[in-house]
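See structure below.
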Amino acid sequence: MSNTRQIKRMNQELVRQALRTMKKGTKSMVAQATGLSVATCGSILNELLATGELLELEMEESSGGRPARVYQYNVNYAYVACMIIRAGVKKHSLTFTVVNLAGEQVDEGFEEVTSLLPSVIEQWVDTLMNRFPQIRAVGIGVPGAVNEGAINVCDIPELVHVPLETRIREKHGVQVIMENDMNLMVYGFYQKQDYEEEKSVAVATFIRGSLPGAGMMVNGHIHRGSTRFAGEIAFLPFGLSHEEQFRKLHDRRTFPSLAACSISSLIAVLNPDTIALTGDLVEPDDLDLIRQDCLKYIPEMHMPELTLLEKPDEDYMYGLSSMTLESLTYSLQLVEKRR
């Protein structure tokens with residue numbers, strides 16, 4: 001019985017994905033796209049139509065036989081809510097967006113607070129769930145390390161060791177994911193490139209007032225490490241205390257060479273195709289300076305493309321919305337998730 005249910009759920013997901021890709025199609029077209037029998041597709045299409053997940057369009061014109069029913073995936077059948085938590089010196093912020101199953105924005109908002117307690121996040125989830133009852137998943141991006149649904153290191157101490165994932169999931173009965181900001185940023189950057197084959201890329205961020213961090217995709221998958229510590233490039237053995245490193249990163253005379261040490265380390269360990277740099281400490285002219293410094297350590301044939309991530313907030317939210325939408329799909333070998 002368990003195997004039968006799994007196969008049925010996989011077949012349903014194949015039909016969903018086929019219709020999302022083709023926008024609209026007949027039973028025969030779906031069968032051809034999925035490799036499933038026409039009878040199986042017909043049964044699944046009727047079930048999804050009954051729940052409102054599919055829409056039935058006008059019948060296809062016939063050349064003599066019975067006209068075929070045309071189906072379209074209902075992208076507004078469900079929504080996902082995405083929240084980005086940012087730490088500030090005097091104030092913290094919460095940015096949210098609600099998107100439909102096609103990733104199209106339905107609503108957005110922003111709030112600044114002097115103290116960002118877990119209750120503030122939960123209240124926002126309550127508000128959005130009341131406003132949009134069709135929300136089926138919640139994604140939260142945080143400035144810290146997340147393990148087993150709780151933050152264990154964060155720039156906002158009030159959020160550490162709070163089981164937010166579990167609390168929201170149990171209260172609202174929805175899928176919940178919580179992920180590190182840099183992992184989401186590199187995931188969004190990677191997804192936007194639409195690579196034809198799996199690549200390795202990294203995003204390194206140098207933000208004023210903070211130590212640097214990085215997000216990494218290795219052969220198309222986020223690399224988190226065994227304790228979710230991967231990407232904490234501020235802990236590389238530069239022979240400097242964090243205070244000295246902070247000072248040199250915020251000094252225009254020493255920033256490029258110190259940044260190049262971090263980038264060289266990423267190159268030597270990951271050998272990525274691309275490294276994107278972002279953060280208000282990075283200026284466009286720095287790219288060439290960093291590249292030249294990297295070449296002191298890295299042979300030119302192994303140098304990746306260095307680029308400037310001009311709209312990191314967009315990549316961050318795109319990565320979060322993509323990952324949250326993926327949490328709604330049924331995954332079992334046939335449907336692979338990069339996260």
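The fraction of accessible area contributed by carbon and sulfur in segment 9-48 is 50 percent, rounded to a whole number (1.4 Å probe; ligands and nucleic acids excluded).
Across the alpha-carbon set of segment 180-225, the Rg to Rh ratio works out to 1.01, Rh being the Kirkwood radius.
A cut-off under 15 angstrom between Cβ atoms defines the neighbours of Leu211, and their net charge, with Lys, Arg +1 and Asp, Glu -1, is -4. Ligands, DNA and RNA are left out, and with a 1.4 angstrom probe the accessible area of segment 1-100 is 55 Å² per residue.
Computed from the Kirkwood radius of its Cα pairs, the Stokes-Einstein diffusion coefficient for segment 64-122 at 20 °C and 1.002 mPa s stands at 150 µm²/s.
Geometric descriptor of segment 137-181, per residue, is 57 Å³ (volume of the convex hull of the Cα atoms). Dividing the Cα radius of gyration of segment 1-147 by 2.2 N^0.38 Å, with N the residue count, gives 1.41. Annotation: Cα Rg of the chain relative to the compact-globule expectation 2.2 N^0.38 Å equals 1.14. Close amide-amide hydrogen proximity is noted between Ile140 and Met83, Ile177, Met178, Glu179, each under 5 Å apart and 5 or more residues distant or on a separate chain (H modeled in the peptide plane; Pro and chain starts excluded).
Taking the accessible area of segment 227-277, probe 1.4 Å, and keeping the other protein chains in place, the carbon and sulfur fraction comes to 55%. Based on alpha carbons, the Rg and Dmax found for segment 97-159 are 13.2, 35 Å.
Taking the C-alpha atoms only, the angle from helix 255-270 to the longest principal axis of the chain is near 50 degrees.
Based only on Cα atoms, what Rg/Rh ratio does segment 164-261 have, Rh being taken as Kirkwood's radius? All intermediate terms of the calculation are to be shown ahead of the outcome.
On the way: Rg = 16.7 Å, Rh = 15.6 Å.
So for segment 164-261, dividing Rg by the Kirkwood Rh gives 1.07.
Ordering Val98, Gln72, Ile85 by the projection of their Cα atoms onto the charge dipole of segment 66-171, which places +1 on the Cβ of Lys and Arg and -1 on the Cβ of Asp and Glu, puts Gln72 at the extreme positive end. Once each part is reduced to its C-alpha centroid, what is the distance from segment 255-330 to segment 173-197 in angstrom? Rounded to whole Å, the Cα centres lie 15 Å apart. Per the Debye calculation on segment 274-314 with a single equal scatterer at every Cα and no solvent contribution, log₁₀ I(q)/I(0) for q = 0.17, 0.33 Å⁻¹ amounts to -0.47, -1.20. The dipole here belongs to the chain: it is taken about the Cα centre, uses +1 on the Cβ of Lys and Arg and -1 on the Cβ of Asp and Glu, and is about 960 debye. The angle between the Cα long axis of helix 118-131 and the main principal axis of the chain comes to about 30°, on a 0 to 90 degree scale. Between the listed residues Val138, Val162, Ile151, the Cα displaced farthest toward the positive end of the dipole of segment 132-183, a dipole computed from Cβ unit charges relative to the Cα centre, is found at Val138. P(r) tail for segment 244-315: Cα pairs beyond 18 Å make up 36% of the total. Can you work out the accessible area per residue across segment 151-258, with the rest of the protein chains kept in place, probe 1.4 Å, in square angstrom? For segment 151-258, the per-residue accessible area is 51 Å². What share of Cα pairs, in percent, lie more than 18 angstrom apart in segment 111-236? Result for the distance tail: 59 percent. Normalised Debye scattering of segment 194-339 at q = 0.12 Å⁻¹ gives log10 I(q)/I(0) of -0.53, counting only Cα atoms as equal scatterers and leaving out solvent.
The values are calculated or read from the model by the stated rules, or taken from the named source; none is laboratory data. Quick caveat: nothing in here was measured; it's all calculated off a predicted structure. Cβ: placed from backbone, ideal geometry, glycine included. Neighbour counts: every protein chain shown. To get the accessible areas, we keep the full protein, side chains included, count just its heavy atoms, and leave off ligands, DNA and RNA. Shrake-Rupley method; radii C 1.70, N 1.55, O 1.52, S 1.80 Å.
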